[in-house]
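For reference, the structure is listed below as structure tokens.
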Amino acid sequence: MSTLAHTMMTAARSTDSGLAGPGDLDRYPYAESQVGDRVAAPTWEGADPDLGRVGRRAAGSRGRGLHGQLVQQLGQMIVSGDLGADRPLVPEEIGQRFEVSRTVVRESLRVLEAKGLVSARPNVGTRVRPVSDWNLLDPDIIEWRAFGPQRDDQRRELSELRWTIEPLAARLAAGHGREEVQQRLCDMVEIMSHAMAQGDALTYSRADGEFHGLLIQIAGNRMLEHLSGIVSAALQVSGGPVTSCDRPNEASLAQHARIVDALGTGDGAAAEAAMRQLLTVHPEVERVVPAPREH
């Protein structure tokens, strides 16, 4: 068996380990049920689909079925370094190892090429490209890096980038708020509060993701909105450095509520300050993003 085939076979076995991987959260519903006469926290069911599109963009970009699985497998192997630039990726060998058709292999390689991970050239074949050519802002690559050998650097970079993007988005959103979006943000805070009381970390995470996605969406800046996938991906990966936003607690909820209040009054400075406080990394974490300065 060739080295490439052995590597692929090892990676394929990992999918049977029972461990949750990137994208597994998509299997779970948002909705809470009604208990007796008490109506549970607001749910995603029946929501305006446009209002939630940003938060779901990262997950929705992934393929499904054999094609999606192969993209995930090969992408993870490339990002982890298991597939290097020392040898070409032979479609026939990939197809045989994963028992998929040439069409599936070809389409999967095209997706990876669009992400900058591989390049296909006549008389050369398909080879892995250097990291400098990768689309590091692609949500899939963000997740693959976050669960690979580069996890510490990836998570630090994500925290630093969010600290740059989201306070600005919060300031801009204060001047572009719509009533229905304002209500949706309030709903997300209520859902997060309800989920925290129930110990439901999954629902808390999903509501948190939609909250931040909506905030960027209403900032009125198309370039910022284009970067919303970064935030969605960042909220789906765990581990240090950990911001207060990543830890469900009363302080985090209070900051989310402060942001909503500031948006309601059009106070961009207050919204920005609350977001910076929310994203400040805990002091016990070795590598931190500095807290906002007092003026």
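What follows is calculated from the coordinates using simple rules that are stated; it is not laboratory data. Only a predicted model underlies this, so the values are computations on that prediction, with no experimental measurement involved. Cβ coordinates were reconstructed from backbone atoms using ideal geometry, including for glycine residues, and neighbour counts include every protein chain displayed.
Values as computed for the structure displayed
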{"read-out": "Using a Förster distance of 51 Å, the FRET efficiency for GLU179-VAL131 (Cβ separation, nearest 0.05)", "value": "0.70"}
{"read-out": "Within segment 128-227: Cβ-based charge dipole about Cα centre, in debye rounded to nearest 20 (Lys, Arg +1; Asp, Glu -1)", "value": "200 debye"}
{"read-out": "Potential extension, GLU92-ALA120 segment - 0.36 nm per residue separation minus Cα distance", "value": "8.6 nm"}
{"read-out": "Among MET196, TRP144, PHE211 - extreme Cα towards positive end, dipole of segment 143-218, charges at beta-carbon", "value": "TRP144"}
{"read-out": "Radius, Kirkwood style, for segment 121-198 when every pair of distinct Cα atoms is counted (Å)", "value": "16.4 Å"}
{"read-out": "Distance between modelled label sites at LEU168 and ARG106, nm, 7 Å Cα→Cβ extension", "value": "4.2 nm"}
{"read-out": "Test item: Cα-centred dipole of segment 175-220, Lys/Arg +1 and Asp/Glu -1 on Cβ, debye", "value": "100 debye"}
{"read-out": "Pair GLN198, ALA269: separation of 7 Å Cα→Cβ label points (nm)", "value": "4.0 nm"}
